[in-house]
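Asker: Before anything else, here's the structure in question.
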Amino acid sequence: MKEASAPAQGASKYNAPDNFTTAGDPIRTFAAAIAQDTGATVDPIGDGQLHRFDCPEGKRGNRACWYVLHLDRWPAGAYGNWRTGITDTWRADHNREHDREQGARIAAAIDAARRQREREQAQAQDNAARRAQRLWSDAKPATAGHPYLARKRIPALCLRQHGDCLLIPLRTVADELVNVQRIHPDGTKRFLKGGRIVGAFALFGCELPEEGELYIAEGWATAATIATTLRLPVVAAMNAGNLAPVAQAIRAARPGLALTLAADDDHGTPGNPGMTKAAEAARLVQGAMTWPTTCRQEGCGCTDFNDVANCGRAPR
């Protein structure tokens with residue numbers, strides 16, 4: 001690390017005004033605040049512009065973190081992590097006389113960062129949707145012989161296959177194809193990079209009904225198992241965190257539907273996210289909730305309706 005008298009590498013040189021009383025180098029102090037909240041080490045550049053850097057907990061090149069640093073009479077900045085939702089501000093001089101000006105600059109910086117993030121996210125989602133539509137158009141109807149479908153003992157209905165990859169389409173309530181989940185023969189699952197997931201879902205059925213019953217499950221295999229058993233349409237939210245957004249989107253578009261959240265029973269996971277998230281979603285849309293009866297015998301990892309259907313030890 002350089003001596004305190006020298007600016008950090010990559011940062012603009014800073015000359016403190018005569019009335020500046022905060023101890024230490026503002027560049028170092030700002031960098032320390034970023035490191036404490038994001039875990040990342042950066043050499044801040046005090047040019048008042050938005051700068052991006054990687055979140056240490058993500059893949060290399062994720063650029064999920066950002067900062068803006070102003071180095072003038074009253075050094076101030078802001079930083080955040082779009083992945084974790086962290087946003088914070090920093091000031092070197094807390095003189096009340098300067099608070100209003102500093103606050104305005106920082107608020108503008110945070111707003112600029114938010115707008116840029118929204119533009120990037122919208123562009124990434126648009127690119128992913130276009131790719132999803134091309135993949136879906138080029139794919140052929142899936143067959144029950146796909147290893148994943150065979151292991152899960154579910155039909156190939158509503159799915160397509162691109163090479164050896166099974167494609168599960170994610171659509172909005174307006175029936176827009178916005179993403180696909182690709183399932184490889186070994187069971188590896190991948191969404192398209194940057195593609196929309198929140199509020200989108202995969203439907204086991206011809207179309208989202210206007211009235212009657214609709215079940216909302218987590219994964220596709222669970223949705224398929226419930227649909228073939230009950231002969232009812234079922235949607236897959238694809239993960240527990242998406243249950244509430246999907247339920248709320250469907251409730252707003254189809255107020256006449258009777259919604260039932262089909263939870264995974266993640267009894268082996270602290271907090272049981274499957275049950276917790278499903279209960280939250282059911283409460284938000286005034287829906288019902290159901291969950292599988294698992295045997296919970298030693299060595300049995302059943303958590304969802306598909307697991308139970310394929311487990312010889314599970315209660316019937």
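Asker: Which aspartates and glutamates have a Cα less than 15 Å from the Cα of residue 189, not counting those fewer than 8 places away in the same chain?
Answerer: The qualifying aspartates and glutamates are 164, 218.
Asker: Which percent, nearest 5, of DSSP beta bridges in the chain are antiparallel?
Answerer: So the antiparallel bridges in the chain amount to around 75 percent.
Asker: Using Cα-Cα distances under 8 Å and only pairs 6 or more residues apart, what relative contact order does the chain have, in percent?
Answerer: So the answer I get is 9 percent.
Asker: Using only the Cα atoms of the stretch 35-137, build the gyration tensor, take square roots of its eigenvalues as a ≥ b ≥ c, and label the shape rounded, prolate or oblate: rounded if a/c is under 1.5, else prolate if a/b is larger than b/c, else oblate.
Answerer: Prolate, because a/c is 1.5 or more and a/b exceeds b/c.
Asker: Now for a different question. Would you work out which of 269, 248, 169 lies farthest towards the positive end of the dipole of the stretch 141-309? Charges go on Cβ: Lys and Arg +1, Asp and Glu -1.
Answerer: 169
Asker: Between 147, 30, 67, whose Cα lies farthest towards the positive end of the dipole of the chain when Lys and Arg beta carbons carry +1 and Asp and Glu beta carbons carry -1, centred on the Cα centre?
Answerer: 147
Asker: For the chain, what is the convex hull (Cα atoms) projected area averaged across all directions, in square nanometres?
Answerer: One quarter of the hull surface, i.e. the mean projection, equals 20.9 nm².
Asker: Still on this structure, please answer the following. Counting each DSSP H run of 4 or more residues in the chain as -39500 (n - 2.57), what helix-only mean residue ellipticity at 222 nm follows after dividing by all residues, to the nearest 500 deg cm²/dmol?
Answerer: Theoretical 222 nm ellipticity from helices: -10500 deg cm²/dmol.
Asker: Compute the helix-to-body angle for 243-253: its Cα long axis versus the longest principal axis of the chain, expressed 0 to 90° and rounded to tens.
Answerer: The helix 243-253 is inclined about 80 degrees to the chain.
Asker: While we're here: Whole-Hz Karplus ³J(HN,Hα) for the stretch 177-187, in order, using 6.51 cos²θ - 1.76 cosθ + 1.60 and θ = phi - 60°, x for Gly and Pro?
Answerer: Residue by residue, the stretch 177-187 yields 6, 10, 6, 9, 9, 9, 10, 7, x, 7, x Hz.
Asker: With everything on Cα atoms, drop me the angle between helix 26-38 and the longest principal axis of the chain, reported from 0 to 90° to the nearest 10.
Answerer: Once rounded, the angle reads 20 degrees.
Asker: What number comes out for the charge environment of residue 139, summing +1 per Lys or Arg and -1 per Asp or Glu over other residues with Cβ under 11 Å away?
Answerer: My count for the surroundings of residue 139 gives +3.
Asker: What do you get for Rg/Rh over the stretch 20-73 if you use C-alpha atoms and the Kirkwood form of Rh?
Answerer: Using Cα coordinates only, the ratio equals 1.01.
Asker: Oh, and also: Assigning unit charges at the beta carbon (Lys, Arg +1; Asp, Glu -1) and nothing else, what dipole magnitude in debye, to the nearest 20, does the stretch 141-309 show about its Cα centre?
Answerer: 360
Asker: Whole-Hz Karplus ³J(HN,Hα) for the stretch 191-206, in order, using 6.51 cos²θ - 1.76 cosθ + 1.60 and θ = phi - 60°, x for Gly and Pro?
Answerer: After applying 6.51 cos²θ - 1.76 cosθ + 1.60, I find 8, 6, 4, x, x, 6, 10, 4, x, 9, 7, 10, 9, 8, x, 6 Hz.
Asker: Rounded to the nearest 10 degrees, what's the angle between the helix 220-230 long axis and the longest principal axis of the chain, both from Cα atoms, 0 to 90?
Answerer: Once rounded, the angle reads 30 degrees.
Asker: List, in order, the whole-Hz ³J(HN,Hα) value for each residue of the stretch 147-158 obtained from phi through the Karplus relation with A = 6.51, B = -1.76, C = 1.60 and θ = phi - 60°; use x for Gly and Pro.
Answerer: Taking θ as phi minus 60°, the curve returns x, 5, 5, 5, 5, 7, 6, 10, x, 8, 4, 6 Hz for the stretch 147-158.
Asker: Taking amide hydrogens as modeled 1.01 Å from N in the peptide plane, which residues meet the under 5 Å criterion relative to residue 289, leaving out close sequence neighbours?
Answerer: Those qualifying (amide H under 5 Å, at least 5 residues apart or on another chain) are 261.
Asker: Check residue 191: other-chain or 5+ apart residues with amide H under 5 Å from its amide H, H built from backbone geometry?
Answerer: 182
Any read-out appearing in this document is the output of simple, stated calculations on the displayed coordinates, not a laboratory observation. Because the structure is a prediction, the values reported are computed rather than measured. FYI the Cβ positions are ideal-geometry reconstructions off the backbone, even for glycines, and counts take in every protein chain you see.
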